[in-house]
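Inspection log for the structure reproduced underneath, given as structure tokens.
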Amino acid sequence: MNRIPSVSLRRDGAAGEEEAAPDPAALARWARAFCVIRFDLERGQLVEACYPPGALASATGLDRLVAFSSFPDSMSHHLPRHRSSVHDSLFSFRVPGPSPSASVPGSRRGFLYGFVFNRQRQDERLPRGGEQKSVVILSHAPYSSLFRLLLQILGPLCFDVGPSALSMVASHVAAWPAPVPGRPMELPIGSAALRVHLPPAADDPGPPPALLPANPSVPYGLFHDADLFAAFRGLLLHLWTLWELMVVGEPVLVVAPSPPQCSEAVAGLVSLVAPLLYSVDFRPYFTIHDPDFARLNALAEGEVFPPMVLGVTNLFFLKSLKSIPNVVSVGSPNPNSTRVLPVGGQSHGSGNGINGTPGKLKLDKLAINKFSPTGLLNSIKLRREGPLCLMTEHKEALWSTYVSTTKPDTSVLNRLIDAGVSPRIEESMSVVNNEILRRHFLELTTNFLAPFGPYLRTTTPSEGSSPFVDPPLLPPFHADEFVNGLAARGAGKFLSKRMKSNWLDLYRRFLEGPNFMPWFRQRRAAAEQEQQRLWRQARMNVDIEKLMSKLSELERIDSFNAIERYLLREMENSRTGATESVTVCEKLKGDLRAAFSVLPKDMQQLLLSNPKRALLLQGSNEKIPGLDGIVSQTSL
């Protein structure tokens with residue numbers, strides 16, 4: 001966990017000088033609103049303060065939706081039963097919202113991300129024995145690593161100085177440079193700085209599927225900071241099944257005792273399939289007040305549940321959304337302990353560590369190496385009772401009708417470290433374990449996507465050939481041909497060790513699921529754009545005189561026409577302010593004159609009869625009348 005230093009948010013300037021309001025456009029690059037939500041005993045959830053003022057009023061019902069999503073379903077019954085106690089928690093939600101501005105990098109259209117600092121205070125002297133309030137950052141961008149850090153400053157500050165902290169922090173955020181998705185950034189906040197590595201933008205295709213990212217600590221998808229190990233410690237053997245469910249876009253209901261646990265688990269699931277673009281709707285913390293609840297609740301028996309991942313704490317959803325085919329329960333009812341014991345019941349003091357010393361996480365604790373009649377009976381009972389057994393007792397389990405293909409990788413599980421009974425060591429060990437798990441699933445996903453590489457492979461002009469011909473098209477993709485070819489070639493060394501004999505079924509489900517086509521189209525567009533860049537660079541590097549000397553008269557004429565076509569296109573691009581196009585234009589003008597000089601005299605006279613072409617050959621920077629018409633006729 002990142003430690004937040006104490007900071008001073010005082011602005012420089014003369015005493016009493018009125019501080020200028022933050023630039024709304026600059027602030028909107030990062031966040032839509034900063035809010036304080038209060039739970040009123042008489043009126044329910046209320047927006048107590050919001051900056052910028054009215055930021056939630058422009059959309060119908062947004063203030064109410066944000067308010068209801070910013071609190072646990074009920075005051076925690078597991079807080080210490082002292083005369084007075086305070087419990088702080090961080091969680092996130094994702095709700096339908098207005099379409100974001102195109103100027104906001106990394107945003108996903110139509111959704112807002114909420115990041116919540118919630119404080120519950122129990123005091124028997126207060127009405128109903130307690131009160132609660134939430135500080136919320138609302139943004140179009142899923143920058144969880146950043147906003148969690150910022151909330152650890154803004155949350156306590158709001159409780160210390162009041163709602164004025166919202167505008168104070170907003171002024172610092174508005175002063176930040178524009179977000180650079182996929183890059184590390186250092187963002188000043190008062191006397192400190194937040195060092196974060198933003199996730200890639202939603203339209204960033206990520207690394208080529210045949211290449212494993214060199215640095216697994218760099219985010220290649222959303223929620224790279226999610227604590228995967230802590231969220232699924234009791235379900236480590238099921239991580240590979242959960243990975244498949246996410247890859248093929250199956251609907252999943254995540255049940256947890258608290259919003260922090262369910263939102264962390266949903267974020268962990270989404271991050272599990274990086275660098276694959278996850279296109280399924282997901283809600284880290286879903287409540288009955290969400291506008292989509294009525295539609296989901298109205299699904300008739302036997303009707304297919306739409307692809308969604310919903311994180312819930314209200315057990316009412318187990319009955320109202322009973323058609324969802326995959327239910328996973330995570331977390332511990334005790335919010336004071338992040339330790340989650342493996343299924344099968346190991347006592348808290350039975351860790352591998354001796355006196356708090358970390359050790360290996362033994363596989364027999366995960367019931368993978370050892371048959372237990374009791375464990376078998378418990379498993380049968382759990383399956384027979386179904387998710388509704390969570391109504392009486394929370395337990396970590398997965399209920400699913402899905403037949404998995406991928407086998408748990410025992411070599412990965414053997415490398416995980418158990419912190420024993422020391423909470424201090426547990427936090428650092430969780431970082432190590434997350435790195436191990438994330439590296440493995442990054443490698444697993446990359447190898448799974450590798451067979452699509454030939455359909456996304458770019459080409460460059462061969463040595464000695466002309467770069468002025470049209471680049472070849474990428475190979476056409478047909479699902480049936482792909483599956484047949486894959487069946488003939490096999491799964492490959494990496495996957496064959498980790499998948500069962502029905503591994504082709506996973507590819508078929510992926511091709512038919514909601515994640516494949518958005519990812520493939522994005523990767524395809526990126527490959528085509530990269531191929532155009534490579535051929536453009538080749539045209540910049542070519543020695544035109546040497547090339548022309550090798551061509552026949554007919555090939556020289558074709559090359560002249562091709563150079564003219566590319567020149568007109570670059571001139572059009574240069575009008576939009578593309579500085580690179582200006583450099584390319586100068587190179588192509590020289591190439592055009594060189595190609596013209598080796599043409600037969602009668603052909604030269606015929607070409608010069610066109611005044612627009614004559615201007616090009618003179619190397620004039622004068623705007624050519626009717627250039628748009630030439631471009632439309634000659635462009636590829």
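The values are calculated or read from the model by the stated rules, or taken from the named source; none is laboratory data. The structure displayed is predicted, hence computed values, not measured ones. A quick note on method: Cβ atoms are made from the backbone with ideal geometry, for glycine too, and the neighbour counts reach across all protein chains shown. Just so you know, the surface numbers come from the protein's heavy atoms only, side chains and all, with ligands and any DNA or RNA stripped out. Shrake-Rupley method; radii C 1.70, N 1.55, O 1.52, S 1.80 Å.
Values computed for the structure shown
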item: Test: residue in the stretch 483-497 that is closer than 29 Å to Pro251 by Cα, touching a Lys or Arg at 6+ places or on another chain (Cβ under 8 Å) and not small (Gly, Ala, Ser); result: yes
item: From the options Arg524, Arg556, residue that is within 30 Å of Glu244 (Cα to Cα), of a type in the set (D, E, K, R) and open to solvent by 30 Å² or more (accessible area, probe 1.4 Å); result: Arg524
item: Subset of the stretch 18-45 (residues that are aliphatic (A, V, I, L, M), under 13 Å from Ser139 (Cα atoms) and part of a loop (DSSP other than H, G, I, E, B)); result: Ala31
item: Scan of the stretch 580-595 for residues that are β-branched (Val, Ile, Thr) and within 15 Å of Arg565 (Cβ to Cβ), ordered by number; result: Val584
item: Neighbours by Cβ (under 7 Å, 6+ apart or cross-chain): first from the stretch 183-201, closer than 15 Å to Asp225 by Cα; second among the charged types (D, E, K, R) and part of a loop (DSSP other than H, G, I, E, B); result: Leu198/Arg183
item: 2 or more residues among the hydroxyl-bearing types (Ser, Thr, Tyr), open to solvent by 50 Å² or more (accessible area, probe 1.4 Å) and without any contact (Cβ under 8 Å) to a residue 60 or more places away in the chain: qualifying helices (runs of 4 or more DSSP H) within the stretch 578-620; result: 579-597
item: Close pairs (9 angstrom Cβ cut-off, 6 or more residues apart or separate chains): on the phi > 0 side of the Ramachandran plot and part of a loop (DSSP other than H, G, I, E, B) in the stretch 488-516, of a type outside the set (S, T, N, Q) and open to solvent by less than 40 Å² (accessible area, probe 1.4 Å) anywhere; result: Gly492/Ala450; Gly492/Pro451
item: Identity of the residue in the stretch 527-553, free of Cβ contacts under 8 Å to residues at least 60 places away in the same chain, of a type in the set (Lys, Arg) and open to solvent by 80 Å² or more (accessible area, probe 1.4 Å), that ends up farthest from Ser465 (Cα to Cα); result: Arg533
item: Single condition Val247 does not satisfy, out of (1) under 25 Å from Leu149 (Cα atoms); (2) hydrophobic (A, V, I, L, M, F, W, C); (3) modelled with pLDDT of 95 or more; result: (1)
